[in-house]
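These notes concern the structure reproduced below.
The values are calculated or read from the model by the stated rules, or taken from the named source; none is laboratory data. Just so we're clear, the structure is a prediction, and the values are computed from it rather than from any experiment. With ideal geometry, Cβ positions are generated from the backbone for all residues, glycine too; neighbour counts draw on all protein chains shown.
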Amino acid sequence: MKDIYQEKGYVLIRNFLSDNEVVELRTILNEFHHLWQQKNASFYAEKAVNSAYLTSNEFLNTEQRNRLFSFIASNKVMNIVNELMPKQPCFLNTQLFFNPLQDKQNNYWHRDPQYHLSIEQQQAALKLFDVIHFRLPLMDEPGIELIPGTHKRWDSPEELDVRLEQNGHKNNQALSQGKVIKLAAGDLLIFSANMIHRGLYGLDRLAFDMLFCPPEPSVIKFVDDDCLPAQETLKNIENPSAFQNTIKLKSSMNKS
């Protein structure tokens, strides 16, 4: 698995979740999504395609949050995290991906770092470290389109023009190297945030992403303390190491 990920930038595991696991996660996240939509009605109506900070206490109760913490820190998930990121993997965030309210809204090619890094920094980041998405569709969906290998290489002229909407191009245009991966409820798609990719809208899209990263202060600074489990919770989950690594690093950063 590690060799495949390092070469292509993604790994697909079909039927990773049982039907019961899908139902449990979907029940919790539908509740989150409903409450999030109410609070963010204008943003949702205008352009939203995802939300974040699902493990905060803003929308979910303690039991719901602990169920998410337990799943994220389960051996089932963490065994894969540790294989792909063996040196102190840290929990970064959670996200929920859904269809835009406006049917005519286009999806868009992007690399995650482009939203907080310059072009030069984006290029440099490809050689430094990786943030990994663990995407779990909770309903059958069109999936995701990605450019294999771009987690380690820079954009071609075509890809850069489309991604950054340069020289008359739009970021929803087709790319010649794009690979579509259709996803069914219960699948697991693991992919690099550095990779050029875009979500595909349609059907009843509802995908739960867990993000992990190495112990890099430049990334860990984005972690919201409210999204981390309490010490008592850490004692009652199978493999809390990713949470513990984040908490330890944030503590040391706050002291420095």
Residue satisfying all of: in the stretch 194-222; at pLDDT 95 or above and of a type in the set (A, V, I, L, M); surrounded by the fewest Cβ atoms within 10 Å (Cβ to Cβ) among these: Leu203
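Quick check on this structure: which one of Gln102, Gln88 is in contact with a helix residue (DSSP H, G or I) (Cβ under 9 Å, 6 or more places away or on another chain), surrounded by 15 or more Cβ atoms within 10 Å (Cβ to Cβ) and either among the small types (Gly, Ala, Ser) or modelled with pLDDT under 95 (or both)?
Gln88
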Looking only at the stretch 1-48, and only at residues there that are closer than 23 Å to Asp130 by Cβ and of a type in the set (Phe, Trp, Tyr), the one that is surrounded by the fewest Cβ atoms within 10 Å (Cβ to Cβ): Phe16
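Considering Phe191, Phe208, which residue is within 18 Å of the chain's Cα centre (by Cα) and either under 19 Å from Gln122 (Cβ atoms) or among the hydroxyl-bearing types (Ser, Thr, Tyr) (or both)?
Working: Phe208 fails: either under 19 Å from Gln122 (Cβ atoms) or among the hydroxyl-bearing types (Ser, Thr, Tyr) (or both).
Of the residues listed, the single one that is within 18 Å of the chain's Cα centre (by Cα) and either under 19 Å from Gln122 (Cβ atoms) or among the hydroxyl-bearing types (Ser, Thr, Tyr) (or both) is Phe191.
Hey, can you tell me all the residues within the stretch 184-203 that are part of a loop (DSSP other than H, G, I, E, B) and polar (S, T, N, Q)?
First, the residues of the stretch 184-203 that are part of a loop (DSSP other than H, G, I, E, B): 184-187, 193-196, 200-203.
Selection gives Asn194 alone.
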Tabulated pairs, the stretch 209-233, first touching a residue at least 60 places away in the same chain (Cβ under 8 Å), second of a type outside the set (Gly, Ala, Ser) and exposed (fewer than 11 other Cβ atoms within 10 Å of the Cβ), C-beta under 7 angstrom, 6+ apart or interchain: Pro214/Lys87
Failed item, numbered, when Arg163 is tested on (1) surrounded by 16 or more Cβ atoms within 10 Å (Cβ to Cβ); (2) farther than 17 Å from Ser192 by Cβ; (3) among the basic types (Lys, Arg): (2)
